[in-house]
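S.K.: Pasting a structure below so you can have a look.
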Amino acid sequence: MPYQGSLKVNNIELKEVDQSTWRDAVSWVGQNPMLLHGSILDNVTLGNPNVSDTQVNDALLASFSAEFVEKHGLNYQVTDRSGGLSVGQAQRLALARAMVQNGRFWLLDEPTASLDAKSERLVTQGLHASTAGKTTLMVTHQLSQLKDVDTILVMNQGHIEQQGNYDALAKQPGLFQTMLSAHHSAKAQDKGNLDA
């Protein structure tokens, strides 16, 4: 993995970490999850024959994927661009896949972006349950996702501008407070807009 500078995991430079070991340790849920050209089962297990039916079923239930998987079936074929599934369904399958992998480190890249309100609520519930007690790094512009986060790093043009928890940053003058105010203003305007 090419990068500049130093990036250490447990005091070991990432370049020196065995890549397969690193991949096994990471559960990833991204903004636009890439699904494999294959069945729903293939996408949840990534073709790992050692994943049990119980693990698959538990992950489908915990990720709120069971409702649409029961309709389509585990052998339902999807394309590598999530063909045949909504964005929310693809996101929930990606969450099920991350749950099956059960990494010690969870990497979340805008995990609820582009989701409708129902899918966002379900994916958020699944994420909270899955990441409890695990090291999690989430990149997001959605401030409501950060209320239960231990430490928030506010980035501006590649530099850390502020650091703290949600309540402390909300009271502290700076970029986070500005973004939070803008978010609340936008929400208030939407409430008054019958078309919103």
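The values are calculated or read from the model by the stated rules, or taken from the named source; none is laboratory data. In this text, all values refer to a predicted model and were calculated from it rather than measured experimentally. No Cβ is skipped: glycine too gets one built from the backbone with ideal geometry, and neighbour counts run over all protein chains shown. SASA here: full protein model, heavy atoms, side chains in, ligands and nucleic acids out. Shrake-Rupley method; radii C 1.70, N 1.55, O 1.52, S 1.80 Å.
S.K.: With springs connecting C-alpha atoms under 10 Å apart, model the chain as a Gaussian network and identify which of A25, A62, A186 has the largest mean-square fluctuation.
M.R.: Ranking A25, A62, A186 by mean-square fluctuation puts A186 first.
S.K.: On to the next question. How do W28, W106, W22 rank by accessible surface area computed with a 1.4 Å probe, from largest to smallest? Working shown, then result.
M.R.: Working: W28 110, W106 0, W22 55 Å².
Most to least solvent-accessible, the answer reads W28, W22, W106.
S.K.: I'd like to check one number: the per residue accessible area of segment 62-135, probe 1.4 Å, reported in Å² as a whole number.
M.R.: On the way: 3500 Å² over 74 residues.
In whole numbers, segment 62-135 has 47 Å² accessible per residue.
S.K.: For the chain, please report how many Lys pairs fall under 22 Å Cα to Cα, leaving out neighbours fewer than 8 apart on the same chain.
M.R.: 10
S.K.: Compute, for D58, the solvent-accessible surface of its heavy atoms (probe 1.4 Å) with the complete set of protein chains present, and express it in square angstrom to the nearest 10.
M.R.: 90 Å²
S.K.: Another question about this same structure. Probe radius 1.4 Å, ligands and nucleic acids left out: which of L175, L115 has the largest accessible area, and how do the rest follow? Walk me through the intermediate numbers first.
M.R.: Details: L175 45, L115 25 Å².
Sorted descending by solvent-accessible area, the residues read L175, L115.
S.K.: Over the chain, what is the relative contact order in whole percent, taking alpha-carbon pairs under 8 Å and six or more residues apart? Show your work: numbers first, answer last.
M.R.: Numbers: 249 pairs, mean separation 38.2, N = 196.
Relative contact order of the chain: 19 percent.
S.K.: Once the principal axes of the Cα atoms of the chain are found, what is the range along each, listed largest first in whole angstroms?
M.R.: 53, 52, 27
S.K.: Post the alpha-carbon centroid distance, segment 106-138 to segment 1-30, in whole angstrom.
M.R.: First find each Cα centre; the distance between them is then 21 Å.
S.K.: Lys and Arg at +1, Asp and Glu at -1: add these up for the other residues within a Cβ distance under 15 Å of T140 and post the number.
M.R.: On the way: positive: K147; negative: D109, E110, E120, D148, D150.
So the environment of T140 carries a net charge of -4.
S.K.: Within 10 Å, count the other beta carbons around each residue, average over each peptide in 129-141, 29-41, and list them highest first. Provide the component values of the computation, followed by the final result.
M.R.: Numbers: 129-141: 13.8, 29-41: 17.5.
By packing density, highest mean first, the sequence is 29-41, 129-141.
S.K.: Let me ask something else about it. Starting from the Cα of H141, move 7 Å in the Cα-to-Cβ direction to define the label point; list residues of segment 94-119 whose amide nitrogen is under 15 Å from there.
M.R.: 109-115
S.K.: Take every DSSP beta bridge with both residues inside the chain and express the antiparallel ones as a percent of the total, to the nearest 5.
M.R.: On the way: 9 of 19 bridges.
Given both bridge residues lie in the chain, the antiparallel proportion sits at roughly 45 percent.
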